[in-house]
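Every number in this text was worked out from the coordinates using simple rules, so none of it is lab data. These numbers were taken from a predicted model, which means no experiment stands behind them. We place every Cβ from the backbone using ideal geometry, glycine too, and count neighbours over all the protein chains shown.
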Amino acid sequence: MKTNGIQTLVLDSAYRPIDLFDFKKAIKKVFSERAEILESFIDEEIGHTWNSSMKCPSVIRLLHFVQKKRDYRQFQKLTRKNVLLRDNHQCQYCGCKLSTKNLSWDHVVPRDKGGRTMWGNIVSCCVSCNRKKANKSLNDCGMKLKGKPIAPKFVAGDPKHSLFSDLKKLPSEKWRNYIYFNIPLDN
């Protein structure tokens, strides 16, 4: 029985996916009567008693209400790399697509004019556009943005998100019935 690394999809009491647990943590929730098993992995048995055997849970539902505080996974950390990923490695002034080493980031409203370092004020830009804009406002230098800078909703490389980003890579086909993000489903 190979159960190392097996993850269980956790649903809240309203059947919405909220987390991934190691299967051992999922079992503890079930035995403490805080969760119920909705789906099990077919091949993985985790224990036997004199009258039954228990399969490794694939999907559990928490029986108590989970107050959603703040979903930290919905906000990316503001780094140069994440800004370039958000902007698809394109200068947001001229539209040229460049490699990571040839792009920098720019404050739309310059810091010396009250601009803050936050998602809505930072864009990717090429070196020539960065020099042209310098510490001027967009009106002063006659430049326009290609798109409005917004905070990305999901963290690139977050294992909790990446499991849901492609339904072909789910650890269990049984998860497909419980995950309903705005992603295309193949027929």
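Remark on L38: its backbone amide H falls under 5 Å from those of V59, I60, R61, a criterion applied only to residues 5 or more positions apart or on other chains, H modelled at 1.01 Å from N. Exposure proxy shown here: for I150, I27, the number of other Cβ atoms within 10 Å sets the order, fewest to most, as I150, I27.
For region 126-140, 3J(HN,Hα) computed residue by residue from phi via the Karplus equation (6.51, -1.76, 1.60; θ = phi - 60°) reads 7, 4, 5, 5, 5, 5, 5, 6, 6, 10, 9, 7, 4, 5, 5 Hz, glycine and proline entered as x. With the simple model of a label 7 Å out from the Cα in the direction of the Cβ, T79 to F31 spans 3.8 nm. Here each label is just a point 7 Å from Cα along the line to Cβ, and for E173 and C96 those points are 5.0 nm apart. With the Cα gyration tensor of region 76-141 giving a ≥ b ≥ c as the square roots of its eigenvalues, does the rule (a/c under 1.5 for rounded; else a/b larger than b/c for prolate; else oblate) give rounded, prolate or oblate? Oblate shape, in that a/c is at least 1.5 and b/c is the bigger or equal ratio. Taking other C-beta atoms within 10 Å as the exposure proxy, D106, D12 rank D12, D106 from fewest upward.
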